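The values are calculated or read from the model by the stated rules, or taken from the named source; none is laboratory data. All of these numbers come straight from a predicted model, not from anything done at the bench. Positions of Cβ are generated from backbone atoms using ideal geometry, with glycine treated the same way; all protein chains shown enter the neighbour counts.
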Amino acid sequence: MKPIRLLIDKLYKIRALNKAKPMLDAMDAAMFGTDETTRGKPHIVDTIDTKRYMSCAIAALVPAALASVYFYGFRAIMIIAVSYAAGLFVEFMFAVIRKHKIHEGFLVTGLIFPLVLPPTTPLWIVAVGVMFGVFFGKEVFGGTGRNIFNPALVGRLFITIAFPAIMTTNWQDPLTDAITSATPLSVYNSEGIMAPYLDLLIGTQPGSMGETCRIAIILGGIFLMFTRVGNWRIPVCYIGSVFIAALAGNHFLPEKIAPPLFQVLTGGLLFGAMFMATDPVTSPFSKAGKYFFGISCGILTVLIRSFSANVEGVMFSIVIMNAFTPLIDYIVLKFKFRPVKI
Amino acid sequence: MTAKHKSFSRGYAFKNFEGQPQDNFLQINIPEKVIIPLKQGFGDEVPPIVKPGDKVAAGQIIARDDESVSSPVHSSVNGKVIQVEQVNYSGREINAVTIESDGTDDFQKLDGFSSEWENLSAEQIGRLIYLSGAGSLGKSGIPTGFNSSIISPRDVENVIIQGVGSEVHNLSLEVLLRDGHLWHFIVGLKILKKLLTNAAFHIALDKSAKNLITEVTDFLADTDSFGIYSLKPKYPLDYDEVLIPILLDREFPHGFSSANIGVIVLDIQAVLHVYEAVAQGKPLIERTIALCGGGFRERPHLGVRIGSPIEHVVKDRARQDKELRFIRNSSLTGEALSDLSSPVDRTFNTIIALPEDTEREFLAFARPGFKRDSYSRTVLSALFKDGSDTFQKTCSTNLHGEERPCIFCTFCENVCPVAIIPHHLFHYVERDVIDETLLSLKIFNCIECNLCSYVCPSKISVGQYIKQGKQKLLEEGFECPSGGFELKAVEKLKSLK
């Protein structure tokens, strides 16, 4: 503890690092907490701060991240490392130029982003994607708290559209080096064969790095909801509506729409519903809005999966609904708070 | 008659905080000098009727004005008036009388009191309560037929007795009501019932105080105008704005006083003062105050003469090794007592001393947090059940983090006791958008309980922003909407300074 204190104090004194002050401040604050006290009322405040809030989101992602390392080995670690390094660079540059503190939100984006990538993604694409996501998904809107779209999804969407060949057909079989062009969803779409549910749960089917081990995701999701960092309404409505829409759809159009449990356990649904749709900044804050958001995401996902050229619909449906978030809240508030006659 | 259970789904329960007051009661000695502010509790400031050099007795009225909405103020000690001068008290300039005490502890009793209070008429009871000063207790005073409240005793439809301590630190009801005081409380209720003939009485008690609830229920079994309710303590249940909708199932006229809808809310100590005034002839010259918080070495309940300097109350009991912040009544909404020579008045219940914790902590954000409180369940103290004494939560003024932008976590919205959306209002006020949208978002419903600021992970003073928004609205000429209530005595409320 003392050596770290001395080291930080020393770094502060180096003149060349003056420009890097936001970085040092962030390190200092993360290591040693705050010496500030409340100014006025209330005289006491809750223990939680954004550091702890975001750490809990990261802790919830850890099981999925560990599973990705288990299934895809060193490559997964590299991808995560590149994502953090490249994203932090953009975040840091913005902090220096716009003279604000480094906000902790990036730490979550930096981990979510690699986990939704195929394990074969070249590292330079990882870097491009995360930088695009942080830059155009968050910073240009004014930084944390003001962004409209989930930054990790913006990055993912960008590289999917920019490099479709690499991003949609290069999958890797877990625990082997074999490259396959198909995921369970695309196999169902083309051949009508369903992967066994147990394999899907454990994660031995190909897919994005962190999305395949569904048990880890469910554990993380439960932790997130227990700690109140993630709200239960969106994931429950999202997954529930996918289930119901698929149940009805499969009944009438069995050749087009996959059965409900299969839909729930494939693709990025669980990961998206637990960790991306719940992003508080980009989802509605009102309770009614959350229900509407979750249900709409679910129906869109089933529609895109079944009727569009894309086999996966989670990413698109969340981004589309992100765009409607301000409108949803606006309408909910219109109903909840009637204008006052003066 | 049995106690009815009522629940409150919003708000926040502060559990297992360190520094709760101990179970003992001590009478502290008479201070050498008291400073009596001439505005205490509900009502306007009253003009002094003594001058420097006058000899006064404890219990003697030293300031009164029967015309304005106010209650008389008494000397709390036997002695001599030294000076009458303007002081800054609780943020306003008011007159205060300084009295040098001779150290004796007897006091002058009120004229016309009777231990056989049944023989007194309602008018006599009202007069005793008014003259004792007890009429200024509660947020809107006790109507006595004099000008102690804005309405008359006949206008009171409901009386609520507030016995649920929902603050972080609370005065112990058990200490307040033992040694026969419970009987005084019951008699006090009956006295009030005789005065406020048209009123139904509602007594709210802490759910966990089972014995107290049974005893009160037994004592009041033969009467039918008393309803007893048990509630789980959840901050801010002691606010009229929160308690009235729960107990009476009617809306509170936000921006006005409960008296405007014929409801009076009193705490248990106020009822005891009523008993003392009417049956014992004791004017309001003494309060029971609990010392709370980790800044005190010992935390007894103290019988304190009104006007005693805070110094006199806290000295010898406060810790010397730490810098402390003294606060009156509430860690969330109470004024910081920066000047310890200022006096204790009728409105004091607790004096809280919190350590000013400026110490930095290695990896503070990652600590397990067995002893930390959080609305979120991100610390391990969330795993322990109510009332477990294994880990008492620490309580200091540390900010526990740095200010950050709002991330729409909706914690403030979930705890808000009046169901407005604090973070939404904050965004409007922060961007200086002050218009009728704020009115329709019910900004005037805010009761300034500061719970939103307490739970905020981004350490934003949400409550302060909302307060600012209200002030700016008023400056721009907007008015708090009266919302179609039938309100009594609004003019009188507005005439109050």
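(1) over 24 Å from the mean Cα position of the chain (by Cα); (2) of a type in the set (S, T, N, Q); (3) not in a loop (DSSP other than H, G, I, E, B): which one isn't true of B:Thr197, the others all being true?
(3)
Among the listed residues A:Ala16, A:Ala67, A:Ala76, which satisfies the condition of being surrounded by 14 or more Cβ atoms within 10 Å (Cβ to Cβ) and either more than 22 Å from the chain's Cα centre (by Cα) or closer than 28 Å to B:Val379 by Cα (or both)? Explain how you work it out, then say what you get.
On the way: A:Ala16 fails: surrounded by 14 or more Cβ atoms within 10 Å (Cβ to Cβ); A:Ala76 fails: either more than 22 Å from the chain's Cα centre (by Cα) or closer than 28 Å to B:Val379 by Cα (or both).
That would be A:Ala67, the only listed residue that is surrounded by 14 or more Cβ atoms within 10 Å (Cβ to Cβ) and either more than 22 Å from the chain's Cα centre (by Cα) or closer than 28 Å to B:Val379 by Cα (or both).
Of everything in segment B:328-346, what is over 13 Å from the mean Cα position of the chain (by Cα) and assigned to a strand (DSSP E or B)? Give them in sequence order.
Answer for segment B:328-346, where residues must be over 13 Å from the mean Cα position of the chain (by Cα) and assigned to a strand (DSSP E or B): B:Ala336, B:Pro343.
Just to be sure, is A:Gly207 more than 14 Å from chain B (Cβ to nearest Cβ) and surrounded by fewer than 21 Cβ atoms within 10 Å (Cβ to Cβ)?
For A:Gly207, the condition - more than 14 Å from chain B (Cβ to nearest Cβ) and surrounded by fewer than 21 Cβ atoms within 10 Å (Cβ to Cβ) - is not met.
For B:Lys492, only one of the following conditions fails: (1) within 25 Å of the chain's Cα centre (by Cα); (2) touching a residue at least 12 places away in the same chain (Cβ under 8 Å); (3) over 17 Å from B:Phe256 (Cβ atoms). What is its number?
Only one criterion in (1) within 25 Å of the chain's Cα centre (by Cα); (2) touching a residue at least 12 places away in the same chain (Cβ under 8 Å); (3) over 17 Å from B:Phe256 (Cβ atoms) is unmet by B:Lys492, namely (3).
Here is a list of conditions, (1) out of contact with any Leu (no Cβ under 8 Å at 6 or more places or on another chain); (2) surrounded by fewer than 22 Cβ atoms within 10 Å (Cβ to Cβ), and B:Pro31 meets all of them except one; can you say which number that is?
Result: B:Pro31 passes all but (2).
Check off (1) under 24 Å from A:Ile239 (Cα atoms); (2) over 22 Å from the mean Cα position of the chain (by Cα); (3) of a type in the set (Ser, Thr, Tyr) for A:Thr212 and give me the number that stays unchecked.
Every condition holds for A:Thr212 apart from (2).
Residues checked against (1) surrounded by fewer than 17 Cβ atoms within 10 Å (Cβ to Cβ); (2) assigned to a helix (DSSP H, G or I); (3) among the charged types (D, E, K, R):
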position: A:Ile125; (1), (2), (3): no, yes, no
position: A:Thr144; (1), (2), (3): no, no, no
position: A:Ile148; (1), (2), (3): yes, no, no
position: A:Gly155; (1), (2), (3): no, yes, no
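I'd like the full set of residues that are more than 8 Å from every other protein chain (Cβ to nearest Cβ), among the aliphatic types (A, V, I, L, M) and within 21 Å of B:Asp240 (Cα to Cα), limited to segment B:417-449.
Result: B:Val418, B:Ala419, B:Ile420, B:Ile443, B:Ile447.
Among residues belonging to segment B:304-335 that are within 22 Å of A:Thr34 (Cα to Cα), surrounded by fewer than 19 Cβ atoms within 10 Å (Cβ to Cβ) and of a type outside the set (Lys, Arg), point out the one that is farthest from the other protein chains (Cβ to nearest Cβ).
Residues of segment B:304-335 that are within 22 Å of A:Thr34 (Cα to Cα), as a first pass: B:321-326, B:331-332.
Imposing the further condition that a residue be surrounded by fewer than 19 Cβ atoms within 10 Å (Cβ to Cβ) reduces the set to B:321-323.
From what's left, of a type outside the set (Lys, Arg): B:321, B:323.
Numbers: B:Asp321: 17, B:Glu323: 10 Å.
Checked segment B:304-335; the qualifying residue farthest from the other protein chains (Cβ to nearest Cβ) is B:Asp321.
Restricting attention to segment B:156-167, does a residue exist that is more than 29 Å from B:Leu332 (Cα to Cα), of a type in the set (Gly, Ala, Ser) and in contact (Cβ under 8 Å) with a residue 60 or more places away in the chain?
no
Test A:Phe262 against the criterion of being closer than 20 Å to A:Ser190 by Cβ, modelled with pLDDT under 95, more than 20 Å from the chain's Cα centre (by Cα) and among the hydrophobic types (A, V, I, L, M, F, W, C), and give yes or no.
Numbers: closer than 20 Å to A:Ser190 by Cβ: yes; modelled with pLDDT under 95: yes; more than 20 Å from the chain's Cα centre (by Cα): yes; among the hydrophobic types (A, V, I, L, M, F, W, C): yes.
Criteria met by A:Phe262.
Give the residue that is farthest from the chain's Cα centre (by Cα), with candidates limited to residues of segment A:92-105 that are in a helix (DSSP H, G or I) and either under 13 Å from A:Leu117 (Cα atoms) or within 14 Å of chain B (Cβ to nearest Cβ) (or both).
A:Arg98
Filter segment B:450-490 down to the residues that are more than 9 Å from chain A (Cβ to nearest Cβ), of a type outside the set (D, E, K, R) and part of a loop (DSSP other than H, G, I, E, B), then identify the one that is nearest to A:Thr37 (Cα to Cα).
Result: B:Ile460.
Would you check which residues across segment B:350-379 are out of contact with any helix residue (DSSP H, G or I) (no Cβ under 8 Å at 6 or more places or on another chain) and either surrounded by fewer than 15 Cβ atoms within 10 Å (Cβ to Cβ) or closer than 30 Å to B:Leu340 by Cα (or both) and list them?
Those that are out of contact with any helix residue (DSSP H, G or I) (no Cβ under 8 Å at 6 or more places or on another chain) and either surrounded by fewer than 15 Cβ atoms within 10 Å (Cβ to Cβ) or closer than 30 Å to B:Leu340 by Cα (or both): B:Thr350, B:Ile352, B:Leu354, B:Pro355, B:Glu356, B:Asp357, B:Thr358, B:Glu359.
Every residue, every condition in (1) over 30 Å from A:Pro206 (Cα atoms); (2) in a helix (DSSP H, G or I), yes or no:
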residue: A:Asn18; (1), (2): yes, yes
residue: A:Ala26; (1), (2): yes, yes
residue: A:His43; (1), (2): yes, no
residue: A:Leu66; (1), (2): no, yes
